[in-house]
Each structure stands twice: as C-alpha cells, then as structure tokens.
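Participant: Okay, handing you the structure first.
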Amino acid sequence: MKKKVLTVDDSRTIRNMLLVTLNNAGFETIQAEDGVEGLEILEEANPDVIVTDINMPRLDGFGFIEGVRRNDKYRAIPILVLTTESDAEKKNRARQAGATGWIVKPFDPAKLIDAIERVTA
C-alpha cells in the first residue's frame, strides 16, 4: 500500500517539485499551501509522514507542527522540516515543537526519499 505524505509549503514551485519527486518514488501526495490549510486537511489526509516548510503566511511551520502535536491522534506522525533555514536555533525550536528531522532547500530528491523511508520504516 502506498504511504501518504502531506506536504505543506507556500511555494508552488516547491510543491510541484515535491509532488513529482514523491509520486515518482511511489508515494501518495497530499498538498497544503500553508499551516492553516495543513491543519484543515490533516484529518482527511491521515498521512504517514508530513513534510513542512517553516516560513509561510497565516501559520508558519512552528505553529503548524505545534498544532499537529496538540492532537494525540497525530503524535506519532513523523514531521520533516524542509526549509531554506539552517539556523541551529530554528532547528532546536522545530525539534522542541515536535519535528522529527530537518532538510535544507534546495533538496536532493534521493536524500528526501531516503529520509522519508527512514522515518516511516
């Protein structure tokens, strides 16, 4: 059965790159444009893993991760942060919010797939 990935990113270009990368690797991909939409579709999406950006309008990645983790039902879902940020302070903040891993953009498709495979194994 295909694993489901919820991607949350305000950049159409990044969403398209993620869609192609993940679909080619055999994942089912559900997409949201920001943290608010991500939380709205979380219930129906029921993903195996979440890939989220940090810098987004309406609700940033930190708020989104905290929103996901607030619900016991989603506590175990791995969350990978995919962002241009590489600041140790922001990585630490994301980890404290409940992020599982951190990938810096531009991303290497093979490394992203590998990270998703590892956290969903």
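Participant: Between 71, 23, 46, which gets the highest mean-square fluctuation from a Gaussian network model of the chain, Cα cutoff 10 Å?
Facilitator: Ranking 71, 23, 46 by mean-square fluctuation puts 71 first.
Participant: Pairs of alpha-carbon atoms within less than 8 angstrom and 6+ residues apart define the contacts here; what relative contact order does the chain have, in percent? Could you put the intermediate results ahead of the total?
Facilitator: Values: 198 pairs, mean separation 27.7, N = 121.
Computed value for the chain: 23 percent relative contact order.
Participant: What longest range of the chain stays clear of loop-exposed trypsin sites (Lys or Arg not before Pro) (DSSP non-H/G/I/E/B, at most 16 other C-beta within 10 angstrom)? Walk me through the intermediate numbers first.
Facilitator: Numbers: sites that count: 2, 3, 58, 70, 75.
Between exposed loop sites, the widest span is 4-57.
Participant: Semi-axes, largest first, in whole Å: what does sqrt of 5 times each Cα gyration tensor eigenvalue give for the chain?
Facilitator: Working: eigenvalues 67, 54, 41 Å².
For the chain, the semi-axes come out at 18, 16, 14 Å.
Participant: Could you give the size of the charge dipole of the chain about its Cα centre, using +1 on the Cβ of each K and R and -1 on the Cβ of each D and E, expressed in debye and rounded to the nearest 20? Please report the intermediate quantities before stating the final value.
Facilitator: Values: 17 positive and 20 negative charges, 72 e Å.
Roughly 340 debye, rounded to the nearest 20.
Participant: Out of 51, 20, 36, any idea which swings most in a Gaussian network model of the chain, alpha carbons joined below 10 Å?
Facilitator: 20
Participant: Between residue 49 and residues 5 or more places away or on another chain, which pairs have amide H atoms under 5 Å apart, with H built 1.01 Å from N, and which residues are they?
Facilitator: Correct list: 4, 6.
Participant: If I build a Gaussian network model for the chain, linking alpha-carbon pairs within less than 10 angstrom, which residue out of 108, 48, 72 has the largest mean-square fluctuation?
Facilitator: The residue with the greatest mean-square fluctuation here is 72.
Where a number appears in this text, it was derived from the coordinates with a stated rule and is not lab data. Note that the coordinates shown come from a computational prediction; the quantities given were computed from them, not determined experimentally. All Cβ positions, glycine included, derive from the backbone under ideal geometry; neighbour counts span all protein chains shown.
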